[in-house]
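**Student:** The following block contains the structure, expressed as structure tokens.
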Amino acid sequence: MKQYKPKEFSEMLNVSVKTLQSWDNQGVLPAYRNPKGRYFVSVLCELEEMATKLALNKIGLGIDLGVKDFATRSDGIVHENINKTIKVKKIEKRLKREQRSLARKFENLKKRGEKSVTNKRVNIDKNVLRVQKLHARLANIRIEYVKSIVTNVVKTKPTFITVEDLNVKGMMKNKHLSKTIAKQSFFCI
């Protein structure tokens, strides 16, 4: 999904930014904000259908999913595990730190035993929002990685694609592998 600034979006629709704002105020342009603080706008466009016949290769493609490497294709290409990259490890480290901080704040709040804590929870609410944003960022990185792999596979135009059928629910019961399997986002494939 591509994200546009209001000016770019108004140029695409051939309307002014003020018109977009008035549409938003009137409820014509359905926009909403999720709990993580991101705004979304829903737009429906009609396009003419273009009937094109894809030229496929005469070979098929098999994909083996794994924990060490995310996916190994039958043509020899190996897609690395995204969770082992420095970027993801840094975000996970920051997430751990924020979660520890949040846990300490809740413990202190419980120890004090205050009944009306609505005005004293401002810092806790800020910390909760930071944790939510980090979780969303990690989820977005993992899902985008899976989407890029799928796009890469489809661009090779194989006649058929065979993906290993995993019992993810059963694998999640293994206490040694469950965390790693949950991070791999096998459910997106």
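Every number here is computed from the coordinates shown, using simple stated rules; none is lab data. A quick note: this is a predicted structure, and the numbers were derived from the prediction, not measured. All Cβ positions, even for glycine, are placed from backbone atoms using ideal geometry, and neighbour counts span all protein chains on display.
**Student:** Starting with the highest mean, order 134-147, 86-99, 159-172, 49-62 by the number of other Cβ atoms within 10 Å, averaged over the residues of each peptide.
**Tutor:** Ranking the peptides 134-147, 86-99, 159-172, 49-62 by packing returns 134-147, 86-99, 159-172, 49-62.
**Student:** A follow-up question, please. What is the extension gain from R100 to V168, computed as 0.36 nm multiplied by their sequence separation minus the C-alpha to C-alpha distance, in nm to one decimal?
**Tutor:** Going from the current span to full extension adds 21.5 nm.
**Student:** What is the local net charge at T156, summed over the other residues whose Cβ is closer than 14 Å to its Cβ (Lys, Arg +1; Asp, Glu -1)?
**Tutor:** On the way: positive: K58, R73, K155, K157; negative: D75.
Residues close to T156 contribute a combined charge of +3.
**Student:** Take K58, project a point 7 Å from its Cα along the Cβ direction, then tell me which residues of the stretch 117-157 have their backbone nitrogen under 13 Å from it.
**Tutor:** It comes to no residues whatsoever.
**Student:** Based on the Cβ-Cβ distance of L13 and L129, what FRET efficiency does E = 1/(1 + (r/R0)^6) give at R0 = 22 Å, to the nearest 0.05?
**Tutor:** The pair L13/L129 has a calculated efficiency of 0.10.
**Student:** Distance between the C-alpha centers of the stretch 156-189 and the stretch 70-143? Whole Å please.
**Tutor:** 23 Å
**Student:** Still on this structure, I have one more. What aspartates and glutamates does K155 reach when the alpha-carbon gap must be under 20 Å and sequence neighbours fewer than 8 apart in one chain are set aside?
**Tutor:** Partners within reach: D64, D75, E80, E144, E164.
**Student:** Okay, next question. Listed here are the pairs K89/K157; K5/K133; K93/K173; K68/K173; K105/K147; K7/K87; which of them are more than 28 Å apart at the Cα?
**Tutor:** Details: K89/K157 34 Å; K5/K133 21 Å; K93/K173 25 Å; K68/K173 18 Å; K105/K147 37 Å; K7/K87 31 Å.
As for pairs spanning more than 28 Å Cα to Cα, those are K89/K157; K105/K147; K7/K87.
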